[in-house]
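Novice: Got a structure for you, questions after.
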Amino acid sequence: MKKILVLILAAVQVFSFAACAKKDGTDNSTSPPQIQTNQPKSALEILENVWSKYTPDDKFPATGGSEKHMKEDKPGKFDVSDAEALDFELGFPKANASEIDDAASLMHMLNQNNFSCGVYHVKDSGNVETLAGKIKENILARQWLCGFPEKLVILSVGDYIVSVFGAAELTDTFTSKLSAEYSTTKQLFDVPIA
(Lines give C-alpha, C1' and ligand atoms only; values in the text may rest on other atoms or scores of the structure.)
Protein backbone atom coordinates (compact mmCIF):
# COMPACT_ATOMS: atom_id res chain seq x y z
CA MET A 1 0.00 0.00 0.00
CA LYS A 2 2.88 2.34 0.87
CA LYS A 3 4.47 1.72 -2.52
CA ILE A 4 1.27 2.67 -4.35
CA LEU A 5 0.96 5.85 -2.28
CA VAL A 6 4.60 6.75 -2.98
CA LEU A 7 4.08 6.16 -6.71
CA ILE A 8 0.96 8.34 -6.75
CA LEU A 9 2.74 11.12 -4.88
CA ALA A 10 5.73 10.87 -7.23
CA ALA A 11 3.44 11.10 -10.26
CA VAL A 12 1.69 14.18 -8.85
CA GLN A 13 5.06 15.80 -8.18
CA VAL A 14 6.30 15.08 -11.73
CA PHE A 15 3.15 16.61 -13.21
CA SER A 16 3.54 19.64 -10.94
CA PHE A 17 7.11 20.18 -12.10
CA ALA A 18 6.06 19.77 -15.73
CA ALA A 19 3.32 22.36 -15.31
CA CYS A 20 5.71 24.84 -13.69
CA ALA A 21 8.32 24.30 -16.36
CA LYS A 22 5.74 24.99 -19.09
CA LYS A 23 4.81 28.31 -17.49
CA ASP A 24 8.24 29.87 -17.70
CA GLY A 25 9.48 27.87 -20.71
CA THR A 26 12.24 26.05 -18.84
CA ASP A 27 12.50 22.46 -17.75
CA ASN A 28 13.66 22.41 -14.15
CA SER A 29 12.63 18.84 -13.41
CA THR A 30 15.25 16.29 -12.47
CA SER A 31 13.63 12.91 -12.20
CA PRO A 32 15.44 9.82 -10.91
CA PRO A 33 16.26 7.01 -13.37
CA GLN A 34 13.21 4.91 -14.10
CA ILE A 35 13.02 1.12 -14.11
CA GLN A 36 11.91 -0.18 -17.49
CA THR A 37 8.48 -1.80 -17.22
CA ASN A 38 7.55 -2.00 -20.89
CA GLN A 39 8.49 -4.69 -23.38
CA PRO A 40 11.99 -4.01 -24.77
CA LYS A 41 12.24 -3.18 -28.48
CA SER A 42 15.15 -5.56 -29.16
CA ALA A 43 17.59 -8.00 -27.63
CA LEU A 44 20.37 -5.49 -28.22
CA GLU A 45 18.43 -2.79 -26.34
CA ILE A 46 18.34 -4.98 -23.23
CA LEU A 47 22.09 -5.53 -23.25
CA GLU A 48 22.86 -1.89 -24.07
CA ASN A 49 20.66 -0.68 -21.21
CA VAL A 50 22.26 -3.06 -18.72
CA TRP A 51 25.84 -2.43 -19.93
CA SER A 52 25.29 1.34 -19.65
CA LYS A 53 24.64 0.87 -15.90
CA TYR A 54 28.07 -0.68 -15.32
CA THR A 55 30.59 1.53 -13.56
CA PRO A 56 34.13 1.64 -14.97
CA ASP A 57 35.19 -0.65 -12.09
CA ASP A 58 32.45 -3.19 -12.96
CA LYS A 59 33.30 -3.34 -16.67
CA PHE A 60 35.56 -5.98 -18.17
CA PRO A 61 37.17 -6.33 -21.62
CA ALA A 62 34.10 -7.17 -23.69
CA THR A 63 32.97 -8.00 -27.18
CA GLY A 64 29.48 -8.41 -28.53
CA GLY A 65 27.59 -9.67 -31.55
CA SER A 66 28.26 -12.28 -34.15
CA GLU A 67 30.84 -12.17 -36.93
CA LYS A 68 28.75 -9.83 -39.10
CA HIS A 69 27.90 -7.47 -36.23
CA MET A 70 31.00 -7.67 -33.99
CA LYS A 71 31.43 -4.79 -31.54
CA GLU A 72 34.33 -4.11 -29.20
CA ASP A 73 33.72 -3.04 -25.59
CA LYS A 74 29.95 -3.22 -25.95
CA PRO A 75 27.08 -5.58 -26.78
CA GLY A 76 26.29 -6.43 -30.39
CA LYS A 77 23.51 -7.90 -32.50
CA PHE A 78 23.77 -11.65 -33.17
CA ASP A 79 22.77 -13.19 -36.50
CA VAL A 80 19.89 -15.59 -35.70
CA SER A 81 20.24 -17.29 -39.08
CA ASP A 82 23.63 -18.71 -38.00
CA ALA A 83 22.43 -21.60 -35.82
CA GLU A 84 25.94 -23.09 -35.57
CA ALA A 85 27.39 -19.87 -34.14
CA LEU A 86 24.45 -19.47 -31.72
CA ASP A 87 25.21 -22.93 -30.36
CA PHE A 88 29.01 -22.74 -30.40
CA GLU A 89 29.41 -19.24 -28.98
CA LEU A 90 26.36 -18.81 -26.72
CA GLY A 91 25.10 -22.31 -25.99
CA PHE A 92 21.76 -21.73 -27.72
CA PRO A 93 20.60 -25.10 -29.13
CA LYS A 94 20.91 -24.99 -32.92
CA ALA A 95 17.86 -27.24 -33.31
CA ASN A 96 15.73 -24.45 -31.80
CA ALA A 97 17.12 -21.49 -33.76
CA SER A 98 13.90 -21.17 -35.76
CA GLU A 99 12.04 -20.31 -32.53
CA ILE A 100 13.75 -16.91 -32.18
CA ASP A 101 13.78 -13.85 -34.45
CA ASP A 102 16.26 -11.55 -32.67
CA ALA A 103 19.42 -12.02 -30.61
CA ALA A 104 22.32 -10.09 -29.09
CA SER A 105 25.37 -11.01 -27.07
CA LEU A 106 27.97 -9.71 -24.67
CA MET A 107 31.05 -11.81 -23.86
CA HIS A 108 34.31 -11.50 -21.99
CA MET A 109 36.90 -10.71 -24.66
CA LEU A 110 39.72 -12.73 -23.05
CA ASN A 111 37.80 -15.86 -22.02
CA GLN A 112 34.17 -16.51 -22.89
CA ASN A 113 33.92 -18.96 -19.98
CA ASN A 114 34.41 -16.00 -17.61
CA PHE A 115 31.27 -14.33 -18.97
CA SER A 116 28.95 -15.12 -21.88
CA CYS A 117 25.50 -13.62 -22.24
CA GLY A 118 22.92 -14.13 -24.95
CA VAL A 119 19.53 -12.44 -25.22
CA TYR A 120 16.91 -14.00 -27.49
CA HIS A 121 13.45 -12.84 -28.58
CA VAL A 122 11.09 -15.82 -28.61
CA LYS A 123 8.54 -15.76 -31.44
CA ASP A 124 5.89 -17.58 -29.37
CA SER A 125 5.68 -15.95 -25.93
CA GLY A 126 4.03 -19.07 -24.55
CA ASN A 127 7.22 -20.99 -25.28
CA VAL A 128 9.66 -18.88 -23.21
CA GLU A 129 10.03 -21.24 -20.23
CA THR A 130 10.23 -24.40 -22.38
CA LEU A 131 12.91 -22.89 -24.59
CA ALA A 132 14.81 -21.61 -21.53
CA GLY A 133 14.91 -25.21 -20.25
CA LYS A 134 16.39 -26.37 -23.56
CA ILE A 135 19.05 -23.64 -23.39
CA LYS A 136 19.91 -24.74 -19.84
CA GLU A 137 20.27 -28.39 -20.85
CA ASN A 138 22.37 -27.49 -23.90
CA ILE A 139 24.79 -25.34 -21.87
CA LEU A 140 25.11 -27.86 -19.03
CA ALA A 141 25.89 -30.62 -21.57
CA ARG A 142 28.85 -28.70 -23.06
CA GLN A 143 32.43 -29.90 -22.93
CA TRP A 144 34.49 -27.01 -21.50
CA LEU A 145 37.95 -26.67 -23.00
CA CYS A 146 39.39 -23.52 -21.46
CA GLY A 147 38.36 -23.31 -17.82
CA PHE A 148 34.96 -23.93 -16.31
CA PRO A 149 32.25 -21.32 -15.81
CA GLU A 150 31.00 -21.36 -12.23
CA LYS A 151 27.31 -20.81 -12.78
CA LEU A 152 24.49 -20.45 -15.27
CA VAL A 153 21.57 -18.08 -14.81
CA ILE A 154 18.62 -17.90 -17.20
CA LEU A 155 16.02 -15.15 -16.87
CA SER A 156 13.13 -13.78 -18.88
CA VAL A 157 12.15 -10.20 -19.62
CA GLY A 158 8.75 -10.41 -21.29
CA ASP A 159 9.22 -12.37 -24.55
CA TYR A 160 13.02 -12.34 -24.19
CA ILE A 161 15.25 -15.02 -22.68
CA VAL A 162 18.51 -13.85 -21.10
CA SER A 163 21.12 -16.57 -20.63
CA VAL A 164 24.35 -15.78 -18.80
CA PHE A 165 27.13 -18.08 -17.63
CA GLY A 166 30.62 -17.60 -16.25
CA ALA A 167 32.33 -16.50 -13.06
CA ALA A 168 29.84 -16.13 -10.21
CA GLU A 169 30.83 -12.53 -9.47
CA LEU A 170 30.35 -11.43 -13.09
CA THR A 171 27.04 -13.25 -13.56
CA ASP A 172 25.71 -11.93 -10.25
CA THR A 173 26.64 -8.35 -11.17
CA PHE A 174 24.91 -8.69 -14.54
CA THR A 175 21.73 -10.28 -13.18
CA SER A 176 21.38 -7.65 -10.44
CA LYS A 177 21.76 -4.83 -12.98
CA LEU A 178 19.26 -6.53 -15.34
CA SER A 179 16.71 -6.90 -12.53
CA ALA A 180 17.22 -3.27 -11.50
CA GLU A 181 16.73 -2.10 -15.10
CA TYR A 182 13.65 -4.22 -15.97
CA SER A 183 10.97 -4.75 -13.34
CA THR A 184 9.51 -7.66 -15.34
CA THR A 185 12.70 -9.73 -15.01
CA LYS A 186 11.90 -13.26 -13.87
CA GLN A 187 14.60 -15.73 -12.83
CA LEU A 188 13.99 -19.15 -14.41
CA PHE A 189 17.23 -21.00 -13.50
CA ASP A 190 20.28 -20.38 -11.31
CA VAL A 191 22.47 -23.48 -11.35
CA PRO A 192 26.13 -24.23 -10.66
CA ILE A 193 28.23 -25.61 -13.50
CA ALA A 194 30.47 -28.41 -12.28
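The values are calculated or read from the model by the stated rules, or taken from the named source; none is laboratory data. Only a predicted model underlies this, so the values are computations on that prediction, with no experimental measurement involved. With ideal geometry, Cβ positions are generated from the backbone for all residues, glycine too; neighbour counts draw on all protein chains shown. Side chains included, ligands, DNA and RNA excluded: accessible areas come from the protein's heavy atoms. Shrake-Rupley method; radii C 1.70, N 1.55, O 1.52, S 1.80 Å.
Novice: Scan the range 168-175 and tell me whether some residue there is of a type in the set (D, E, K, R), closer than 26 Å to Ser52 by Cβ and assigned to a strand (DSSP E or B).
Specialist: Keep residues of the range 168-175 that are of a type in the set (D, E, K, R), which gives 169, 172.
From what's left, closer than 26 Å to Ser52 by Cβ: 169, 172.
Next, only the ones that are assigned to a strand (DSSP E or B) stay: none.
Checked the range 168-175: no residue is of a type in the set (D, E, K, R), closer than 26 Å to Ser52 by Cβ and assigned to a strand (DSSP E or B).
Novice: Return the residue satisfying two criteria in turn: it lies in the range 157-171 and is under 9 Å from the mean Cα position of the chain (by Cα) and hydrophobic (A, V, I, L, M, F, W, C), and of such residues it is nearest to Ala97 (Cα to Cα).
Specialist: Among them, the one singled out is Ile161.
Novice: Among the β-branched types (Val, Ile, Thr) and either modelled with pLDDT under 95 or in contact with a Gly (Cβ under 8 Å, 6 or more places away or on another chain) (or both), is that true of Ile135?
Specialist: Numbers: among the β-branched types (Val, Ile, Thr): yes; either modelled with pLDDT under 95 or in contact with a Gly (Cβ under 8 Å, 6 or more places away or on another chain) (or both): yes.
Here the answer is yes, as Ile135 does meet what is asked.
Novice: Looking at the range 134-155, I want the residues that are among the acidic types (Asp, Glu) and have a partner that is at pLDDT 95 or above and assigned to a helix (DSSP H, G or I) with Cβ atoms under 7 Å, at least 6 apart or on another chain. Which pairs are those?
Specialist: Glu150/Ala168
Novice: Restricting the first residue to the range 165-190 and requiring it to be within 22 Å of Glu137 (Cβ to Cβ) and in contact (Cβ under 8 Å) with a residue 40 or more places away in the chain, which pairs with a second residue that is open to solvent by 20 Å² or more (accessible area, probe 1.4 Å) and part of a helix (DSSP H, G or I) meet a Cβ separation below 7 Å and a spacing of at least six or different chains?
Specialist: Pairs that qualify, where the first residue is within 22 Å of Glu137 (Cβ to Cβ) and in contact (Cβ under 8 Å) with a residue 40 or more places away in the chain and the partner is open to solvent by 20 Å² or more (accessible area, probe 1.4 Å) and part of a helix (DSSP H, G or I), are Leu188/Glu129; Phe189/Lys136.
Novice: Would you tally the residues in the range 46-68 being under 18 Å from Gln112 (Cα atoms) and either of a type in the set (Val, Ile, Thr) or assigned to a loop (DSSP other than H, G, I, E, B) (or both)? Quick ask: steps written out before the conclusion?
Specialist: Looking only at the range 46-68, we keep the residues that are under 18 Å from Gln112 (Cα atoms), and these are 47, 51, 58-67.
Next, from what is left, pick out any that are either of a type in the set (Val, Ile, Thr) or assigned to a loop (DSSP other than H, G, I, E, B) (or both): 58-61, 63, 65-66.
Total satisfying the criteria: 7.
So that you can scan it fast, the table gives a plain yes or no per residue for (1) surrounded by 15 or more Cβ atoms within 10 Å (Cβ to Cβ); (2) in a helix (DSSP H, G or I); (3) not acidic (Asp, Glu):
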| site | (1), (2), (3) |
| --- | --- |
| Ser105 | yes, no, yes |
| Leu110 | no, no, yes |
| Val119 | yes, no, yes |
| Gly126 | no, yes, yes |
| Lys134 | yes, yes, yes |
| Cys146 | no, no, yes |
| Leu155 | yes, no, yes |
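Novice: Show the residue pairs meeting these rules: Cβ distance below 7 Å; 6+ apart or different chains; first residue within the range 67-89 and at positive phi; second residue crowded, with 18+ Cβ neighbours inside 10 Å.
Specialist: Asp73/Ala62
Novice: Next up: In this structure, does Ile139 turn out to be of a type in the set (A, V, I, L, M), crowded, with 22+ Cβ neighbours inside 10 Å and touching a strand residue (DSSP E or B) at 6+ places or on another chain (Cβ under 7 Å)? Break it down into steps so the answer makes sense when it comes.
Specialist: Numbers: of a type in the set (A, V, I, L, M): yes; crowded, with 22+ Cβ neighbours inside 10 Å: yes; touching a strand residue (DSSP E or B) at 6+ places or on another chain (Cβ under 7 Å): yes.
Judged against the criteria, Ile139 is a match.
Novice: How about the range 174-194: which of its residues are surrounded by 19 or more Cβ atoms within 10 Å (Cβ to Cβ) and among the hydroxyl-bearing types (Ser, Thr, Tyr)?
Specialist: Thr175, Tyr182, Thr185, listed by residue number.
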